Amino acid sequence: MSAFLLSRLLHGVFVLVGVVFAVSLMIHLIPGDPVKALEGDSPMPKEQMDIIRHQMGFDRPLVVQLADEMARLLRGDLGRSFRSNVPVVRELQGAIPSTLSLAVAAMIIAATAGGVAGAVAAVQRGRWLDSMVTAFAVIGVSMPTFWIGILLIFLLSVQLRWLPTSGEGGLRTLIMPAITLGWYPAGALARLVRSEILEVLQQEYVGVARAKGLRERTVLRRHVLRNALIPTLTLAMMQFGILLSGAVVAETVFGRNGLGRFLVEGILHKDFPVVQGAVLVIAVVYTLTNLATDLLYACIDPRVRFQ
Amino acid sequence: MRGRSGPARTGEHENNGPAQAGGRHRVSRRRFLTTAAVLGAGVAGRGALSNRLGATGNRVFAITPRTGGALVYAVDQPITKLDPNLDAHRVNEIVFYQIFDPLIVRDKSDNKFKPWLARSWDVSADGRTYTFRLRPGVTFHDGTPVNAEAVKFNFDRVHNPALASQATPTAVGFYDSSEVVDPLTVRVHLKSPWGPFLDALSFSYRMVSPAGVRKVGDKDFGRHPVGSGPFRLVEWVENQQVVLERNPNYASTPSIFSRTGQALLDRVVFRMIPEPATRVAALESGEVHVITATPAQDFRRLNGDPRFKPVIGRSPGMGWCWAINVTKPPTDEVAVRQAINYGIDRPAIASIVYGAYQSYHAFEPAYGALVPGTWSYDKQSEIYHYDPAKAKDLLDRAGWKVGPDGIRQKNGKRLEIVLNSWEHGIPEVLQSQLRAIGVDLKVGVRDTSSVNAAQEKQDSHMSPIPAARTDPDILSDSFHSRNIPGLSGGTGDNYDFVKDPVLDRLLDDGAAEVNLTKRENLYKLAQRRIMAMAYLLPVTTRDNATLMSAKVQDLRFDAVGFFPWLHDAWLAR
C-alpha cells in the first residue's frame, strides 16, 4: 500500500513538471506580444514598449526565458502577476478557497440530486417518474451553464429579490453558482446511476440474493447500489476535477474570484506567471483526485488490491 | 415605483437637514435645479442631460445635494493596481482618478487647461521647460505635503526605466529631469519640445505620496495607494470590490467642479462584475447604482424605466473607424478607398446599430479622422457624405466594372475587401451597403488581438483603430510611418501601413509645436490629408453610454468621457 502510494506520488511529480513546462512553452508560443497586452487605453510609444520588454526580459532568447522561469518555479517562487504586480501565491490564496467551496457545493448538489434521481428512475423503470428523471437529465446535460446562470439571476435576484446577483461572501452568494455548476454533473450522474443500477439488477447474483429470500431493500442496498457505485464514483471524481478547473463560466457570470477566471484572465492578458501558477494548482488537483479515486476503489471493492 | 419619494418630501428634507454638510460646502443652489429624474416618470430618461442643461423637464424642483450614502459602481474588469505612475488601464483609471489628482485638468466645455494641484504654470519659449507653482496647504492622505519635492518624485518615478511604467501617455523619450525651485515651485525639463505634454499632465501624471511609496515599495504601492484626491482606499477584496471613503481633509477642488470642499458621498464601492447580463441584473435589482458598458439592447429596454437614467460621456479622439490597408490590393487604390467612404450611409448605420443612443448625441455619424469635439477638430475634412452615385463613378473610372453577380471586377479579379472587427453591428450594415456599389465586403468578428494580428499579417484590408484621447497626437500612432507594425521590430498601431512623408512631417511638427494656434493648424492639415487620401473609414463616434439609478445626481465624466468625477456626485433618497 505505502509502496503504491509512493510510486504514485513520484509519478505525480513528473506529471506536474511536464504539465507546467508544456504550458509555459505554449503560452510563449501563442502569437501576440506580451508587452502589447500590457497596453492600456492609450497606445504605448515604441520606446516605452522597448523599456518594458527589456525590464521583463522578453528581449532574451526563448530558451533562456523558459530556463529562467523553470528555475524560478523549482525554487518555489511563483513570481508576480505582470498586470497587478501582486505575488501569484497571494492571488491563488484568494482564488483556491473560492473555487473549492463552489466545487464542493456543486458536487453535493450534483451527487444528491443526480444519485437520488437516477436510483429512483431505475427502480421505477418505465413509469412516469422514470421519464421525468430522464427528461431532467437530458435538460441538465444539454443546457449551457451560462444560460442557466442568467435564468437563475433573473428569477431569484431580479424578480424575487431573494439572492444577490453576484459577488462572494456567505452561503447566500453560493447558492446560485452551485446550482448552475452542479446542473450538468447532476444530469450526467442521474443517467449513469440509472443505467448502472439497471445493469446490476440483471446480474445473476441479484437473482441469487432474492432467491435467498432477502428483502428487496437489502438486495438493493447491499448488492445493487454497492456494485453500481464504482463507475459512478469514477465519473463523480472526474467531474469534481472538471468543476475545480472549469468553473470559469459560472465564476464569470456570478462575478466570483475563482481559479478558472484567474487562469482565463491570465491567458487573455498573456500574464505568464499567473497562467503557470493556476495550471500548477489545477495539475496538483487532478493528480490528487485521481489518486483519491484509486484509493476509494479499494474501500468499496474488496477485489481491488494495490501492487 | 419602488423607493421613490415624492417631490414635496424631497425638497423639504433637503432644506432642513441640519446633519448635512451644507455649511462645509459652498453650495450654489442654482446649480442644482434638476429635473424630476428621481421624482417623476416621463422626463426621467433624460435626467443626465437635463441636469447639465439646467432644467428642461415639465416639473422642476430645487434640490440641495445630500451628503452621505455609498455609491455602488459596477465595472466590467478586474481592478488590478491603483498606481497612476505605472498603469493606464481604463478600469484602474476609473478608480484611481478618485484617489489621485493631477497638476492641471482639461475643461471639456472650452477644451482649455485649468489649475488643479498647480495654481499656475509657464512654458518656456523653446517649449522645453515647464514651471509649476503649486497650491499651498494640500496634503496626501497620509498627512505628508503635496510639494515640489513630491511632484519631482512623481515625474522621476514615471520615467524610471527600472519600474517599466505602463502609464500612457507620458513623455517617454522626452522627459529629462525635474528641479525643485522652492517648496511650492517645480520645474520640469524636457530633452526636446513635446506638444502633448500639457494634455498628458491633465491625464496621466497624477500625484502619489512619496512617503506612501517608500513605506510599501514600488511594486506593492498599487495595492496600498496614497494620493491627495477626494477619496481614499479603505478595503480591497480581490476580484470582488474596492471600497473608497471620503477624504475629510479634501480642499483642492479644481474650478471646474460644481462645489468645493470634501466630496458628498461617504463611500464609493467599485464592484467587479465581468458579465454584462449580470451587471444589468445588479442594476435592476438595486444592488448597484452605476454600471459601465450597458449592452445596447438593455439600454433600449430600460431607458424608459423611471428607475434608471442614461449616463453619457462623449469621447474625443478616434471613434469607431477602420484603418484601410494602403499596401494590399485592391485598397491600395485611392479610388477604391474613396468609393468605400462615399458608399456608406453613416446616419443610417448610426440609427440602425446605435439607435437608442442617438437622442443623447452618442455614437453619432463621424466623417473625420478625429471625432467632433476633439481639440483641433477639422470640420473641412468632412468630405465623404453619402453619395452612392459618386462612389460608383469613382470605381467605374478606376476600371472596376460590374460583373455578372453584381460585384465589380477588374482584370478578372472581384472587388473583395476583408474587414475585421471585435464587435458585431457596424460590419454587417457596411457589408449590405457596400454591396449596393458593387463591393464584396468579407466580414470577420473575433477578439481584439486576432483582429490586430490579421491586419499585421496582411490577411485583412480593414481593421478598427478607435482610441479615446483628448490630444490629436493620437493620429501619429495610426498614421505615422514609424508606427507601421513589424517595422524594425516595432509593434505600432499604423494598421493602414501609410508611409506618407507629407503626413509624417505634419504629425512630427504637431508633436513638437507648443504654440497652440500653430499646433491646432498643423493637426487640421493632417486630418485633411488623411481624409483626402482616404486612409481611414470613419463611421461613428464611440462614446461612453450607459445607465445608472435615477437616485444618482450630478455624476459627470471628464474630458475623455469614461472617467467619472465622483467628488460632485450624490445620492438622492
- Item | Residue in region A:145-161 that is farthest from A:Pro185 (Cα to Cα), counting only those that are open to solvent by less than 80 Å² (accessible area, probe 1.4 Å) and facing chain B (nearest Cβ under 7 Å) | A:Val158
- Check region B:77-100 and report whether any residue there is assigned to a strand (DSSP E or B) and either modelled with pLDDT of 95 or more or within 14 Å of chain A (Cβ to nearest Cβ) (or both). no
- Could you please find all residues in region A:162-171 being surrounded by fewer than 13 Cβ atoms within 10 Å (Cβ to Cβ) and within 12 Å of another protein chain (Cβ to nearest Cβ)? A:Trp162, A:Gly169
- Filter result for A:Pro177 (crowded, with 22+ Cβ neighbours inside 10 Å and under 30 Å from B:Val288 (Cβ atoms)): yes
- Across region A:172-213, the tally of residues that are more than 14 Å from chain B (Cβ to nearest Cβ), within 20 Å of A:Thr99 (Cβ to Cβ) and not aliphatic (A, V, I, L, M) stands at 4
- Query: For the subset of region A:250-282 comprising residues that are over 21 Å from A:Ala71 (Cβ atoms), more than 8 Å from chain B (Cβ to nearest Cβ) and not in a helix (DSSP H, G or I), which member is most open to solvent (accessible area, probe 1.4 Å)?
  - Reply: A:His269
- Per-region count, region B:225-255, residues more than 14 Å from chain A (Cβ to nearest Cβ), surrounded by fewer than 20 Cβ atoms within 10 Å (Cβ to Cβ) and touching a strand residue (DSSP E or B) at 6+ places or on another chain (Cβ under 8 Å): 5
- Mind listing whichever residues of region B:136-194 are within 14 Å of chain A (Cβ to nearest Cβ), outside any strand (DSSP E or B), under 27 Å from B:Asp126 (Cα atoms) and without any contact (Cβ under 8 Å) to a residue 24 or more places away in the chain? B:His159, B:Asn160, B:Pro161, B:Val172, B:Gly173, B:Phe174
- Have a look at A:Thr234, A:Thr218 and point out the one that is of a type outside the set (D, E, K, R), assigned to a helix (DSSP H, G or I), over 23 Å from A:Leu291 (Cβ atoms) and open to solvent by 20 Å² or more (accessible area, probe 1.4 Å). A:Thr218
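Just the residues that are part of a loop (DSSP other than H, G, I, E, B) and either open to solvent by 50 Å² or more (accessible area, probe 1.4 Å) or closer than 18 Å to A:Leu244 by Cβ (or both), please, taken from region A:289-303. Give the derivation first.
Taking region A:289-303 first, the residues part of a loop (DSSP other than H, G, I, E, B) are A:301-303.
A:Pro302, A:Arg303, listed by residue number.
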- Task: Starting from residues that are charged (D, E, K, R) and closer than 16 Å to B:Pro84 by Cβ, keep the ones in region B:195-224 and report whichever is nearest to the other protein chains (Cβ to nearest Cβ).
- Result: B:Lys219
- Test: B:Pro427 is away from every other protein chain (no Cβ under 12 Å), open to solvent by less than 10 Å² (accessible area, probe 1.4 Å) and part of a helix (DSSP H, G or I): yes
- Task: Within region B:266-285, track down each residue that is more than 7 Å from every other protein chain (Cβ to nearest Cβ), assigned to a loop (DSSP other than H, G, I, E, B) and either closer than 11 Å to A:Thr252 by Cα or under 22 Å from the mean Cα position of the chain (by Cα) (or both).
- Result: none
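Residues checked against (1) touching a strand residue (DSSP E or B) at 6+ places or on another chain (Cβ under 7 Å); (2) crowded, with 19+ Cβ neighbours inside 10 Å; (3) within 11 Å of chain A (Cβ to nearest Cβ); (4) part of a loop (DSSP other than H, G, I, E, B):
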{"residue": "B:Ile437", "(1), (2), (3), (4)": "no, yes, no, yes"}
{"residue": "B:Leu441", "(1), (2), (3), (4)": "yes, yes, no, no"}
{"residue": "B:Gly444", "(1), (2), (3), (4)": "yes, no, no, no"}
{"residue": "B:Asn452", "(1), (2), (3), (4)": "yes, yes, yes, no"}
{"residue": "B:Pro472", "(1), (2), (3), (4)": "no, yes, no, yes"}
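The rows are residues; the columns are (1) within 9 Å of chain B (Cβ to nearest Cβ); (2) open to solvent by 40 Å² or more (accessible area, probe 1.4 Å); (3) among the aromatic types (Phe, Trp, Tyr).
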{"residue": "A:Met26", "(1), (2), (3)": "no, yes, no"}
{"residue": "A:Pro31", "(1), (2), (3)": "yes, yes, no"}
{"residue": "A:Pro34", "(1), (2), (3)": "no, no, no"}
{"residue": "A:Met44", "(1), (2), (3)": "yes, no, no"}
{"residue": "A:Ile51", "(1), (2), (3)": "yes, yes, no"}
{"residue": "A:Gly57", "(1), (2), (3)": "no, no, no"}
{"residue": "A:Val63", "(1), (2), (3)": "no, yes, no"}
{"residue": "A:Arg75", "(1), (2), (3)": "no, yes, no"}
{"residue": "A:Leu78", "(1), (2), (3)": "no, no, no"}
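The values are calculated or read from the model by the stated rules, or taken from the named source; none is laboratory data. Bear in mind the structure is a predicted one, so any value in this text is a computation, not a measurement. Heads up, the Cβs are rebuilt from the backbone with ideal geometry, glycines too, and the neighbour counts pull from every protein chain shown. When the accessible area is computed, the model is the full protein with side chains, heavy atoms only, and any ligands, DNA or RNA have been set aside. Shrake-Rupley method; radii C 1.70, N 1.55, O 1.52, S 1.80 Å.
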